[in-house]
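Step one of this worksheet: look at the structure below.
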Amino acid sequence: MFFDPMWLLFMAPAFIFMLYAQAKVKSAYNKYSRVPNARGMSGAQAAQSLLRASGLNHVKVEATKGKLTDHYDPRGKVLRLSEGVYSSTSVAAMGIVAHEVGHAVQDGAGYAPMRVRSALVPAANLGSTLGWIFVMVGLVLSAMGSGFGLNVAWLGVLLFAAAVLFTLVTLPVEFNASSRALQMLRGNGLIVAQEYDGARAVLSAAALTYVAAMLQAVSQLLYFVFLLTGRRR
């Protein structure tokens, strides 16, 4: 199955788009991480300012290891910024920080897609791991003449579908966080007009990676369905 030309046919477009998205992120981040923001605010300072302005004083801001590992933890109510963003005064850092604050605002407002995504996390984790295994085991059992092999494989497809659904729900959550980010940066005067396009470029590039992840997941699911419906040639 791993060397099936049809698998490449299904997956190649998504892989190509992922490479494009990663190149866009790298290009935008490298460009605007060298451009200092006019106010000279670090990522941590910008995060604290935006959180206060949004009435989220209870949300903590912490530094975390890694590059572009920034994220908001809704369970701990903690905004974790990567080392390169936490202390950076770049336009890129401002955009990234505002995006994560956007997630904190979503959490505080009970944004429905974010709640759905959080609820899907256990099923998505299970499906992304066990889905593959069940499909493979089911196909092997079917090839050996087992009558319930296809049933096992279809169970794997259903499990994997939960992971696909997670990637679909992620899109509106991420797009909305970026939209909120740009509004907050401009509304609170943290960036000047010349910096707005830079922050938007960084966030737009990052959004492409979520689209790419969704395309990969959907393509893989379609390939599984293709195999199990007997259309393989």
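The values are calculated or read from the model by the stated rules, or taken from the named source; none is laboratory data. Predicted, not measured: the structure shown is a model, and the values here were computed from it. As a convention, Cβ positions derive from the backbone with ideal geometry for all residues, glycine included, and neighbour counts pool all protein chains shown.
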Under the condition of being in contact with a helix residue (DSSP H, G or I) (Cβ under 9 Å, 6 or more places away or on another chain) and β-branched (V, I, T), which residue from the stretch 7-36 is nearest to Y210 (Cα to Cα)? V25
Look at the stretch 178-207 and say how many of its residues are assigned to a helix (DSSP H, G or I), buried (at least 22 other Cβ atoms within 10 Å of the Cβ) and more than 22 Å from the chain's Cα centre (by Cα). 1
Got a number for residues in the stretch 1-34 being farther than 16 Å from G84 by Cβ, assigned to a helix (DSSP H, G or I) and among the aromatic types (F, W, Y)? 5
Does Y111 satisfy being among the hydroxyl-bearing types (S, T, Y), crowded, with 17+ Cβ neighbours inside 10 Å and over 20 Å from T167 (Cα atoms)? no
Given the structure, is K60 touching a strand residue (DSSP E or B) at 6+ places or on another chain (Cβ under 9 Å) and either on the phi > 0 side of the Ramachandran plot or of a type in the set (K, R) (or both)? yes
Within the stretch 113-144, how many residues are more than 18 Å from E174 (Cβ to Cβ), in contact (Cβ under 8 Å) with a residue 40 or more places away in the chain and not small (G, A, S)? 3
Hand me the list of strands (runs of 3 or more DSSP E) wholly inside the stretch 36-140 holding 1 or more residues that are β-branched (V, I, T). 60-64, 78-82
K24: among the basic types (K, R), touching a Leu at 6+ places or on another chain (Cβ under 6 Å) and modelled with pLDDT of 95 or more, yes or no? yes
State which residue pairs qualify: first residue under 9 Å from A177 (Cα atoms) and inside the stretch 93-110, second residue of a type in the set (D, E, K, R) and part of a helix (DSSP H, G or I) in any location, beta carbons under 6 Å apart, and separation of 6 or more residues or different chains. G102/R180; V105/R180
Which listed residue, of L120, L130, is crowded, with 19+ Cβ neighbours inside 10 Å and either over 27 Å from E195 (Cα atoms) or within 18 Å of the chain's Cα centre (by Cα) (or both): L120
